[in-house]
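One structure below.
The values are calculated or read from the model by the stated rules, or taken from the named source; none is laboratory data. Treat the numbers as computed from the prediction; the structure is a model and nothing was measured. Cβ sites come from the backbone with ideal geometry, for glycine too, and all protein chains shown count toward neighbours. SASA here: full protein model, heavy atoms, side chains in, ligands and nucleic acids out. Shrake-Rupley method; radii C 1.70, N 1.55, O 1.52, S 1.80 Å.
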Amino acid sequence: MVDFNKIAKKWQKKWEDKNIFKVKEDKKKKKFYCLEMYPYPSNTLHMGHLRNYSLGDALARFKRMNGYNVLYPMGYDAFGLPAENAAIKNKVDPEKWTWDNINQIKKQQQSLGFSYDWSRQIQSCTEDYYKWNQWIFLKFYEKGLAYRKNAVVNWCNSCTTVLANEQVEDGKCWRCKNDVGEKELEQWFFKITKYADQLLEDLDKLEHWPERVKVMQRNWIGKSYGVDIFFKLKDSGQVIPTFTTRPDTIYSVTFIVISPEHPLVLEWVKGTKYEKEVLETIKKIKKQSLAERTTPEGKDKIGCFVGKYTINPVNGEEIPIYLANFVIMEYGTGIVMADAHDQRDFEFARKYKIPLKFVISEDGSKIDADKASRAYTEDGILFDSGRFSGMNNREAIEPISKWMEKNNYGKRTVQYKLRDWLISRQRYWGTPIPMIYCDKCGVVPVPYERLPVKLPKNVKFTGSGNPLETSKKFVEAKCPECKSKARRETDTMDTFVDSSWYFIRYCSPKYNKGPFDKKIANYWMPVNQYIGGIEHAILHLLYARFFTKALRDLGLVDVDEPFTRLMTQGMVIKDGAKMSKSIGNVVDPTEITGKYGPDTGRLFILFAAMPEKELDWNDKGVSGAFRFLNRVYNLVNENLKDIKIDSKYKSLNEKDKFILNKMHITIKNVTENINNFKYNIAIGSIMEFVNALQKYNEKNKKVFGECIKNLILLLSPFTPHISEELWNKLKLKGFASLQKWPSYDESKIDEEAEALEDSLDRTKKDIYSVIELAKIDKPSKIRIFVAEAWKYDFIRKLKKKIEKTRNVGEIIKSFAKSDLDIYIKEISKMVPKLVKDETKMPKVVVGRNKEIDYLKNSLDVFKQEFDCDVEIIDGKSEEPKAKQAMPGKVAILIE
């Protein structure tokens, strides 16, 4: 076996010595910015990282070979709680812990041969990076985008820090997984809500983002058009505004529900007989996760009466107010009207014996609420709804809204789920917030010329409180305005700030007059291809989009959106579960590369699944990738005497023409599939090409030489080390990594010839399968049945119909009205199967006569292979087996 590790080290050193992946701006070339989400340097890389980087590196190499000026950088998201927790637990400096991990991960990345421009490496924990976090903060402060206010915040007792809403998952801290409570603190926020509409509307510009990511962002922003209805508190006249998107159900309201976090709750029950039960209910609700409270699948609907009533403005009815776990302060007014047309409301009412009434039914006839088992959530006709009875409920929403406004019963409004971004963190290992508190001058920004505000070294990591507060030298400061004694802000910034603009810093990482050079940033931005996990669909991506728009408005960059294309790769699965240390199913990339070499690991991970799908780790698959690379190496190494690099060939026989046809088809397929992120299909095409080259006997040296040369180039994005080695063996100049991508000639592609050859190979494999399954020792006769003529017409037409619709019923109906209607019984059985799995149809439908001629011309091949009589049956046959024949896939009967 070949020592692929030795080969990898050899070429990595040559790449490094020649600095071949370093890039600079060049307006004469098309630019391509390829980027993976930069990693947190925690310990070592795992298979998810290897997959992420292999996807990006293959694309960067491919684009380079296609003449693009490629920016492909790497850095480290180096601030964060794990380093601080390690400092507390192991009494180690967070900076040392972080740098040790950075160096370890970088070493792993380099050993895998990723083609990064390492001269652009950044890490957010260095002063030359976080200085610009602080500079941007001050710019945001000047523009009113950074502000401070008192707020009830999510508080993690374990991490002793504030968490943003996005960092609370099912009621637990996203880092330590412990329960999250609440605390009132004065905190710093970024006014992301100012950009809510832009963030929402510009999602339509992102044509090359996964739809589910855009849906997740739309839902998080949560723009809703509705009405604030003015319910008045009974006996006080106090207005209780409730936001609703369904004013059409106003006449069905029988109770109001309020969030347990709403400040009015405690005010209303204080000193009343309801206080004890309300406080106990609030305590019970706080133990629930957000998912339990707000999703239909929540365990239970929890609440209680708060002792107050409101008046429905449209009919004067008294309505009780209940505390309810499914109402949250973050949406609307934190108070919601409830009725029989919402399932959550319905279940809550039944539990607490609250009367219900309906005002919508399918035809406008009344519904007896006492007999109803579920809410009525469909659209229909209004009844018992005053002047609006008899109208379609959806059509009534606008006139009801206008009527409410006219009578001062409510006001049309727009609400968002999105809340401003809380960036304060009570921890050490992050960017210090550059603000000073003076008793005389108030809150004063640190002057720009005094940046960065550096993290002090003399801090104590006790596991309790903010370590920055233990540094007297850091805390004590002078007011920049009056020079009096003052106090420095001890909160640091959320680490999502670091990752919200790093991709622009890569454009000019050594620039020291600002966060980046605008001219250079405008050359490289936006990122053409961004690659990372779906878990960042909301937090990181939304913040990065906000930062880009805010920096644009500051005049620092011209782009509106940071990432043109987004690829969210699937997880790596082993033994049915996501790879995880806690489960014990982690495969260390170094184990694979150490045994098989980096090219093997890269090839397997790119071939095993589509990038966006889950990848099921398979040790046999890795071994298979290794065997394939050995085959490729031996194909070249053992046939060097048959290789001549000269594309000027003269006389060509049929085998030469076939292999050249295969070469051009392979180049076309690989090119198209890499562009469409279908790496596994691209690699499959290369494997088929290798199989064909191994069968290419009596080689034309020039033809074989051109095929081998192009094979090496096609493999280069996926397996760069072996490609360089084989390129060198052919004594070709330069690096394979920097060669021009091979081109194909459409005029030299005969797809029918390719399809016939594939059909022949598949027929031979099927014959072997039948022999094995039927346990036939030695066949005496093989009969091969060709499909009936009408099936060729049927498949051609079906392929065209599928391009327009995948509706099975619609397709069958169209055939029933065609000249193939006499076969509709068979067609009705075939269409559902073929629509579900198009691979059951040939890519190219060759004419029946051509297929028959090709099979008959191949009779000698069959007879030599199976050493028996072989008959091609091309007419109608009473043999039941013949019915199974399809275009490109014959039926087989062996005696």
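Does the stretch 611-621 contain at least one residue that is surrounded by fewer than 21 Cβ atoms within 10 Å (Cβ to Cβ) and either at pLDDT 90 or above or farther than 28 Å from Ala60 by Cα (or both)?
Checked the stretch 611-621: at least one residue is surrounded by fewer than 21 Cβ atoms within 10 Å (Cβ to Cβ) and either at pLDDT 90 or above or farther than 28 Å from Ala60 by Cα (or both).
Exactly one of these conditions fails for Thr294: (1) under 30 Å from Trp155 (Cβ atoms); (2) touching a strand residue (DSSP E or B) at 6+ places or on another chain (Cβ under 9 Å); (3) open to solvent by less than 70 Å² (accessible area, probe 1.4 Å). Give me its number.
Thr294 satisfies all of (1) under 30 Å from Trp155 (Cβ atoms); (2) touching a strand residue (DSSP E or B) at 6+ places or on another chain (Cβ under 9 Å); (3) open to solvent by less than 70 Å² (accessible area, probe 1.4 Å) except (2).
Checking Ile767 against (1) aliphatic (A, V, I, L, M); (2) more than 21 Å from Val861 (Cβ to Cβ); (3) open to solvent by less than 10 Å² (accessible area, probe 1.4 Å), which single condition isn't satisfied?
(2)
Does Asn700 satisfy the criteria of being at pLDDT 95 or above and open to solvent by 20 Å² or more (accessible area, probe 1.4 Å)?
Taking the combined requirement at face value, the residue does not satisfy it.
Based on this model, can you work out whether Arg387 counts as farther than 15 Å from Thr249 by Cβ, open to solvent by 10 Å² or more (accessible area, probe 1.4 Å) and modelled with pLDDT of 95 or more?
When the stated conditions are applied, Arg387 passes them.
Can you confirm whether Asp750 is open to solvent by 30 Å² or more (accessible area, probe 1.4 Å) and more than 36 Å from the chain's Cα centre (by Cα)?
Yes: the conditions hold for Asp750.
Does any residue in the stretch 858-871 that is modelled with pLDDT of 90 or more come within less than 6 Å, Cβ to Cβ, of a residue that is loosely packed, with under 13 Cβ neighbours inside 10 Å and part of a loop (DSSP other than H, G, I, E, B) six or more places away or on a different chain, and which pairs are these?
Cys868/Ser780
Out of (1) surrounded by 13 or more Cβ atoms within 10 Å (Cβ to Cβ); (2) acidic (Asp, Glu); (3) under 38 Å from the mean Cα position of the chain (by Cα), what's the single condition that is false for Glu826?
(3)
Only one of these is over 18 Å from Lys232 (Cα atoms) and modelled with pLDDT of 90 or more: Val359, Val306, Val336. Name it.
When all the criteria are applied, what remains is Val359.
For the list (1) at pLDDT below 95; (2) of a type in the set (Gly, Ala, Ser); (3) part of a loop (DSSP other than H, G, I, E, B), I need the number of the one condition that Ala291 fails.
(3)
Got a number for residues in the stretch 689-706 being in contact (Cβ under 8 Å) with a residue 24 or more places away in the chain and within 37 Å of the chain's Cα centre (by Cα)?
Total satisfying the criteria: 3.
To keep it simple, each residue is scored yes or no on (1) within 30 Å of Lys31 (Cβ to Cβ); (2) in contact (Cβ under 8 Å) with a residue 24 or more places away in the chain.
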{"site": "Pro452", "(1), (2)": "no, yes"}
{"site": "Glu469", "(1), (2)": "no, no"}
{"site": "Ser484", "(1), (2)": "no, yes"}
{"site": "Trp501", "(1), (2)": "yes, yes"}
{"site": "Arg552", "(1), (2)": "yes, no"}
{"site": "Pro562", "(1), (2)": "yes, yes"}
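How do the pairs read when you match residues in the stretch 249-267 that are in contact (Cβ under 8 Å) with a residue 24 or more places away in the chain and of a type in the set (Asp, Glu) with residues anywhere that are open to solvent by less than 10 Å² (accessible area, probe 1.4 Å) and assigned to a helix (DSSP H, G or I), using Cβ under 8 Å and keeping only pairs 6 or more apart or on different chains?
Between residues of the stretch 249-267 that are in contact (Cβ under 8 Å) with a residue 24 or more places away in the chain and of a type in the set (Asp, Glu) and residues that are open to solvent by less than 10 Å² (accessible area, probe 1.4 Å) and assigned to a helix (DSSP H, G or I), there is no close pair.
Starting from the stretch 101-130, keep only residues that are within 28 Å of Lys457 (Cβ to Cβ), then list their pairs with residues that are open to solvent by 40 Å² or more (accessible area, probe 1.4 Å) and of a type outside the set (Phe, Trp, Tyr) whose Cβ atoms are within a distance under 7 Å, requiring at least 6 positions of separation or different chains.
Note: pairs meeting the criteria are Asn101/Ser42; Asn101/Asn43; Gln104/Thr44; Ile105/Thr44; Cys125/Glu95; Glu127/Lys454.
Restricting the search to the stretch 230-282, which residues are open to solvent by less than 10 Å² (accessible area, probe 1.4 Å), among the hydroxyl-bearing types (Ser, Thr, Tyr) and not in a strand (DSSP E or B)?
Thr249, Ser252, Ser259
Report yes if some residue within the stretch 574-581 is within 21 Å of Pro210 (Cα to Cα) and of a type in the set (Lys, Arg); otherwise report no.
Checked against the condition, which is being within 21 Å of Pro210 (Cα to Cα) and of a type in the set (Lys, Arg), the stretch 574-581 yields no hits at all.
Look at Asn103 and say whether it is open to solvent by 50 Å² or more (accessible area, probe 1.4 Å), more than 16 Å from His721 (Cβ to Cβ), part of a loop (DSSP other than H, G, I, E, B) and out of contact with any strand residue (DSSP E or B) (no Cβ under 9 Å at 6 or more places or on another chain).
no
Say whether the condition of being over 30 Å from Ile645 (Cα atoms) and outside any helix (DSSP H, G or I) is met by at least one residue in the stretch 744-753.
no
What number of residues within the stretch 755-810 satisfy the criterion of being within 26 Å of Ile659 (Cα to Cα), hydroxyl-bearing (Ser, Thr, Tyr) and modelled with pLDDT of 90 or more?
2
So, in the stretch 46-87, how many residues would count as being part of a loop (DSSP other than H, G, I, E, B) and either open to solvent by 10 Å² or more (accessible area, probe 1.4 Å) or among the aromatic types (Phe, Trp, Tyr) (or both)?
Here the count works out to 7.
Testing Arg394 on (1) surrounded by 19 or more Cβ atoms within 10 Å (Cβ to Cβ); (2) outside any loop (DSSP other than H, G, I, E, B); (3) not β-branched (Val, Ile, Thr), one condition comes back false. Which one is that?
(1) is the only condition that Arg394 fails.
If the requirement is being in contact with a helix residue (DSSP H, G or I) (Cβ under 6 Å, 6 or more places away or on another chain) and among the aliphatic types (A, V, I, L, M), which of these qualifies: Leu55, Leu50, Leu59?
That would be Leu50, the only listed residue that is in contact with a helix residue (DSSP H, G or I) (Cβ under 6 Å, 6 or more places away or on another chain) and among the aliphatic types (A, V, I, L, M).
Only one of Val253, Val278, Val257 is closer than 23 Å to Asp179 by Cα, at pLDDT 95 or above and of a type in the set (A, V, I, L, M, F, W, C); which?
Answer to the selection: Val278.
Among the residues of the stretch 532-579, which ones are in a loop (DSSP other than H, G, I, E, B) and either among the hydroxyl-bearing types (Ser, Thr, Tyr) or open to solvent by less than 10 Å² (accessible area, probe 1.4 Å) (or both)?
Passing the criteria: Ala537, Val557, Pro562.
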